[in-house]
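Report on the following structure.
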Amino acid sequence: MTTEPKPSSPPLTERQEARRRRILHASAQLASRGGFDAVQMREVAELSSVALGTLYRYFPSKVHLLVATMQDQLGHLHETLRKRPPTEAEPSARVAQTLMRAFRAMQREPHLADAMVRALTFADRSVSPEVDTVSRLTTAIILDAMGLEGQPTPEQLSAVRVIEHTWHSALITWLSGRASIAQVKIDIETVCRLIDLTAATAPR
């Protein structure tokens, strides 16, 4: 039995986009104060001045909302990185520098970081589109830092996926108090050396 693909949602109107931005801002604000448990849908609705039913039309659950919040935060980070790109000479060092900048942004808001990472961990199949968007944004951030002249090879994309997994795992271990920032930096710098290995096999 085949499943018909869902039709893509129509683009949001200016008013709907403004409402969505208020919701995401309220979500981040509450999460920054008290983490995952502090984000209650009713409070998000009140803080963003939308009806509770309207909030649920935008985001069916708290997990949907917090994964979308992470997507929004990564989007802002991506814009910042494009304005102030990494300065290291080697692609692997640029990616490590970029991911440590992203990590330090999370470090400044540990409750928000914990809420977003927990939401990603709890996400089931219903949240797949939002999780996929977070992954695509992370991939785009890493590829931008690599500064490739052409399309990435399959080996380079595989290295990027491993780097993403390591970064996500490093966030979890740091948030749970099982890794220091120094250890996170070492792990990220180590995994980013995969980029040098894949560069050797890339077509010239």
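The values are calculated or read from the model by the stated rules, or taken from the named source; none is laboratory data. Bear in mind the structure is a predicted one, so any value in this text is a computation, not a measurement. Don't worry about glycine lacking a Cβ; one is built from the backbone with ideal geometry, like all the others, and counts go over all protein chains shown. For accessibility, only protein heavy atoms count, side chains too; no ligands or nucleic acids. Shrake-Rupley method; radii C 1.70, N 1.55, O 1.52, S 1.80 Å.
Computed from Cα atoms, the angle from the helix 154-175 axis to the main principal axis of the chain rounds to 60 degrees.
Which shape class, rounded, prolate or oblate, goes with segment 96-146 when its Cα gyration tensor gives a ≥ b ≥ c as root eigenvalues, a/c under 1.5 marks rounded, and past that a/b bigger than b/c marks prolate? Could the numbers behind the result be given before it?
Numbers: a/c = 3.75, a/b = 1.22, b/c = 3.07.
Because a/c hits 1.5 or more and a/b fails to exceed b/c, segment 96-146 counts as oblate.
Placing +1 on the Cβ of every Lys and Arg and -1 on the Cβ of every Asp and Glu, with no other charges, gives segment 111-197 a dipole of roughly 280 debye about its Cα centre.
Helix 91-108 and the longest principal axis of the C-alpha atoms of the chain enclose an angle of approximately 30°.
A 1.4 Å probe run over the protein chains yields, for the chain, 58 Å² of accessible area per residue, whole-number rounding. Pull out a ≥ b ≥ c, the square roots of the eigenvalues of the alpha-carbon gyration tensor of segment 85-204, then state rounded if a/c is under 1.5, prolate if not and a/b is larger than b/c, and oblate in the remaining case. Taking the square roots of the gyration eigenvalues as a ≥ b ≥ c, segment 85-204 is oblate. Once the Cα atoms are used to define both axes, helix 128-146 deviates from the longest principal axis of the chain by about 30 degrees. D for the chain, whole µm²/s, Stokes-Einstein with Kirkwood Rh over alpha-carbon pairs at 25 °C and 0.890 mPa s: what number? For the chosen part, D equals 135 µm²/s.
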